[in-house]
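The values are calculated or read from the model by the stated rules, or taken from the named source; none is laboratory data. Predicted model, so just to flag it, every value in this text is computed and none were measured. Counting neighbours? That spans all protein chains shown, and the Cβs are built from the backbone with ideal geometry, glycine included. Note: accessible area is taken over every heavy atom of the protein model, side chains too, but ligands, DNA and RNA are not part of it. Shrake-Rupley method; radii C 1.70, N 1.55, O 1.52, S 1.80 Å.
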Amino acid sequence: MQKANPPKIDSRRMVRSTLLGQHSHPTSIGTQVHIYERDGALIARGCYQGKPFGVTLGKSPVDAQPRLCQLVAELDNGSFVPPSDRRHRRLRKPTRSKLTARQLFDDFLDDRRKHCGRKTADTYLTRLMPILDFLEQPRNRKRWPLAEDIDRTCLLELRAYLITREVTRNGRAGAAPKPMSPRQIQNCLETLRTAINWALRADVRKLPVDLRNPVSQDLIGQPIQKDPLRKAAVPLEVRIRIAQQMDLWELTHLSALLILPLRHDDHSGALISDVDWTAKTLSIGTRFDGSDFTKARVSYSIPIHPLLLQLWSICADRRPDGVLFRTPKSCRKPTTKDRTKFSSRREVEVHVAAVLQSCNADDVQTEYDRKGVIRKCFTKIGGMSPSDVGRALTRLFNRASLPDGIYPYQLKGSTSQSMRESGVPHLELRYLTGHAVNDIMSEYVGLNPEPHMARYYESVMPLLNAIRDRAKSLGLFLDDHDRNDADVSAPNSVRRTVS
């Protein structure tokens, strides 16, 4: 006769249990705390202010006993908050933390990911990894096992470790190692100070309240101050030499960076509709209902020289709207034109809204993530990324035989210095370079950048002539529009003399 199978035990079933030798534990307010066990965890159940509650104490009696004593004390003094109500409270429950540095950094990066976006969280992770490499060495783990054990002695040895640490460019394993730069060491220590300050906040409280942040300013050091008497890294004569080395795509897509103080992010994200061909201006700022914005979250408009407008009309390539500056591959492939062509600004906005709606909720948690999705959308339809701009300029610098140590972003400082030397006032210069005009005079005096930009264009006329000559040698016929009152209201009017 076949034996019957024994009944299966439901691990989720609540069964009576004991803790500290008894099942029920009384309190001074008359509430009884009963001990149960479910799925290997000890649970305290009872009724508080007419509502039932359940609190998970722990997996083992060793962990559950201190939590039970704390629960009884909270019920006695009236500070108990049921778990169902705790999640709606703004302040965390104060507990003495026993977090290691890895656990603390993990919580900090998770908070930064949800508050500042993925890019900022990745930057902080890069800066905290050398600190973890130091703290998790066997000898150091014994001396400073917890995050709250980090003291000045630990930081002094950490700084000495970072000074002697060798790194490779962009983390590439095959690159030549070199000592970590002083600026990156300061970035690592500043990020550690930020993480500890975050953990000490009253609404976070992952470290004891009486702990003082050991990362002081004298340990971090003062940042290296730039020489106020320094010369432009890429002066006008060097920019002229760069323009003479440009090919057709570089001349139409990158020549504006030799003249205008544009960030690579603002340049690569420009749309055709951002250019007012009649008023001869380029508008940069908040777009798509606030989902796309500049670094300083300001909007500004730059008067554009007619020569640049003629070059940009080639970039537009008879497209009503879409990304203005495209990659060389997108310009060469005829099928890409249809993919990057939009009939109006409204059609671009509808496309961007559809892309945002299709994103995973985990990928878009902040406004910075939204901006990243939009810029990635531009690159998928053939647009340039800031990295594409930097790599193209680096190739130009090498072709023009610029010395080592000159990097593409220094073009913004060089063009800004040329604008200042041409007589552009301070407030207008801040506005035209995309910075916030935080000055009391901006409350009383309006800005008028047009006449100052006209004088600036006159001061860089040798560069404009070099661009025009290079365009002619490449087979482009550009009209002689040197005056700002010239009419360039019709884009795509540039004629090519050679195919």
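Worth pointing out:
- Answer residue from region 461-479, given it is touching a Ser or Thr at 6+ places or on another chain (Cβ under 6 Å) and at negative phi and is most open to solvent (accessible area, probe 1.4 Å) among those: Phe477
- Pick from region 284-296, criterion free of Cβ contacts under 8 Å to residues at least 24 places away in the same chain and not hydroxyl-bearing (Ser, Thr, Tyr), ranking: surrounded by the fewest Cβ atoms within 10 Å (Cβ to Cβ): Asp289
- Taking region 201-229 as the range and being more than 23 Å from Leu155 (Cα to Cα) and loosely packed, with under 10 Cβ neighbours inside 10 Å as the test, the residues that pass are Asp203, Gln225, Lys226, Asp227, Pro228, Leu229.
- Which listed residue, of Leu162, Leu156, Leu128, Leu104, is among the hydrophobic types (A, V, I, L, M, F, W, C), free of Cβ contacts under 8 Å to residues at least 40 places away in the same chain and surrounded by 11 or more Cβ atoms within 10 Å (Cβ to Cβ): Leu162
- If the condition is being more than 13 Å from His34 (Cα to Cα) and open to solvent by less than 30 Å² (accessible area, probe 1.4 Å), then region 51-63 contributes only Gly58.
- Test: residue in region 342-361 that is under 27 Å from Leu254 (Cα atoms) and assigned to a loop (DSSP other than H, G, I, E, B): yes
- Residue within region 389-396 that is in a helix (DSSP H, G or I), in contact (Cβ under 8 Å) with a residue 40 or more places away in the chain and among the charged types (D, E, K, R) present: no
- Being closer than 30 Å to Glu367 by Cα and either in contact with a helix residue (DSSP H, G or I) (Cβ under 6 Å, 6 or more places away or on another chain) or open to solvent by less than 20 Å² (accessible area, probe 1.4 Å) (or both) holds for only one residue in Asp266, Asp276, and it is Asp266.
- Contact annotation: residue pairs with Cβ atoms under 7 Å, 6 or more positions apart or on different chains, pairing a residue in region 446-463 that is under 13 Å from Leu432 (Cβ atoms) with a partner that is open to solvent by 50 Å² or more (accessible area, probe 1.4 Å), are Leu447/Tyr431; Pro449/Tyr431; Ala454/Asn484.
- Residue in region 306-321 that is surrounded by fewer than 16 Cβ atoms within 10 Å (Cβ to Cβ) and under 27 Å from the mean Cα position of the chain (by Cα) present: no
- Scanning region 239-246 for residues that are more than 30 Å from Ile467 (Cβ to Cβ) and either in contact (Cβ under 8 Å) with a residue 40 or more places away in the chain or exposed (fewer than 11 other Cβ atoms within 10 Å of the Cβ) (or both) turns up nothing.
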